[in-house]
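Have a look at the structure below, then the notes.
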């Protein structure tokens, strides 16, 4: 039930607008009525928070909501530390899910194994021959299949080596990447829509418990349909902005459904971990360009003509330059649209000024630096390359959005926030500490900026007249990096959508 009139007192309140906290906040039927000193609050029922912190609800600006939900139906391999560990877990999951023909998994990362090595279909064939196996890599840019899965999906006999690696005998290893992976994934059997909707609601409950009140989610047609099914049943609590992927712009125009895409997702390159990020080098470029030049420009233009925000994946510095080339000029001719670069993990210093503008947004994931530091360390040094340069981008006037890219990384926003504040895992020394962000900037990138970009109206900050999308948390992120945060209460529009039971509301 939406809260009526109440005052949260005895707290530190970050509004998302000011660089110092207030001490009380009043809520009136789902809207913020006042923020300031306790003595200035209206004479309404008070909730003493005992020194806890109030702050705007968080918005994950880049994620894959329905994909994360379906991983509840698959074997998780992110914790595996060796090839044998993966194979044991795959066998165990298969034995306990005899009713499923396919064995599907996610999260493996050979760079995290004790003995890093690219796995093969023969490894899987040793333990599973009679059921097809599809295992997505942690970054979602590669998949590892057994021989039966490759036969069932019609994997080509030949393809470019960067998409279909070959062994010493010239046979496919069993790894498929990027566009080839995407093509084959469309042939996988779909989960029943009612099952998919159920796990989406389970995922939503998890996100609310972490303090996430909204998401910018990348979805294909199947996922958009599931979200609309959940929304039609009045079961969707999160605020949703959809970036459509792998469909045509004209297919995004759905006026008679609760959720219609606002953004259009495109790819310029792959990922560091899969070796497909498009990077500048002293002797040319490396990686795998996906959509570039006139093709990219045409797709961006088509998105604009259909009233969609272009959202372009670019991880390598060469990829970022390509997006800057295509966005230039169009940002001026379409001031009503937002232009997003997703990830921006690497850029050349000479391109920095081209990434600044009122409708150009840089969607970053600090948690990726925790995972990708070893891969970055192995890259050839190149003068002028900036890696995960959040501080530099912000200082130059860049507009940052912040997210986790879950389920590629954990959805935990507090781990992501801590990575932005400290640029290292808990207890370690900062990696390029000069690029650390201050708490007020992190909060804006996690609340006000993504709310504005999604056009959700008066949301994203705690100010009079704005929606009461707020959190009560145990630890003040403005004092110390919140590696182990406890969310006590999550409200959306004044409606308590999660509580740990420690706060009694009137």
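In the set (1) part of a loop (DSSP other than H, G, I, E, B); (2) under 30 Å from residue 418 (Cα atoms); (3) touching a helix residue (DSSP H, G or I) at 6+ places or on another chain (Cβ under 7 Å), residue 358 fails one condition alone, (3).
Please work out if residue 256 is touching a helix residue (DSSP H, G or I) at 6+ places or on another chain (Cβ under 7 Å), over 22 Å from residue 139 (Cα atoms) and surrounded by fewer than 22 Cβ atoms within 10 Å (Cβ to Cβ).
no
Just wondering, is there one or more residues in region 399-412 that are at pLDDT 95 or above, farther than 30 Å from residue 73 by Cα and assigned to a loop (DSSP other than H, G, I, E, B)? Scanning region 399-412, I find no residue that is at pLDDT 95 or above, farther than 30 Å from residue 73 by Cα and assigned to a loop (DSSP other than H, G, I, E, B), so the answer is no. On inspection, residue 305 passes the criterion of being under 27 Å from residue 450 (Cα atoms) and either over 18 Å from the mean Cα position of the chain (by Cα) or free of Cβ contacts under 8 Å to residues at least 12 places away in the same chain (or both).
So, in region 212-221, of the ones that are crowded, with 18+ Cβ neighbours inside 10 Å and more than 13 Å from the chain's Cα centre (by Cα), which residue ends up modelled with the highest pLDDT?
Of all residues in region 212-221, those crowded, with 18+ Cβ neighbours inside 10 Å come to 212-220.
Among the residues that remain, those that are also more than 13 Å from the chain's Cα centre (by Cα) are: 213, 220.
Details: 213: 98, 220: 94.
Checking each candidate, the answer is 213.
Of all residues in region 32-83, exactly one satisfies the criterion of being farther than 22 Å from residue 145 by Cα and out of contact with any strand residue (DSSP E or B) (no Cβ under 9 Å at 6 or more places or on another chain), namely 50.
Those strands (runs of 3 or more DSSP E) of region 28-115 in which 2 or more residues are crowded, with 20+ Cβ neighbours inside 10 Å and out of contact with any helix residue (DSSP H, G or I) (no Cβ under 8 Å at 6 or more places or on another chain) occupy 31-36, 53-56, 58-63.
Criterion applied to 454, 468 was being under 28 Å from residue 308 (Cβ atoms) and surrounded by 22 or more Cβ atoms within 10 Å (Cβ to Cβ), and the one residue passing it is 454. Within region 5-24, the set of residues being in a strand (DSSP E or B) and free of Cβ contacts under 8 Å to residues at least 40 places away in the same chain comprises 22, 24. Just one of (1) surrounded by fewer than 20 Cβ atoms within 10 Å (Cβ to Cβ); (2) within 29 Å of residue 189 (Cβ to Cβ) fails for residue 20. It is (2).
The values are calculated or read from the model by the stated rules, or taken from the named source; none is laboratory data. These figures come from a predicted structure and were not determined experimentally. Positions of Cβ are generated from backbone atoms using ideal geometry, with glycine treated the same way; all protein chains shown enter the neighbour counts.
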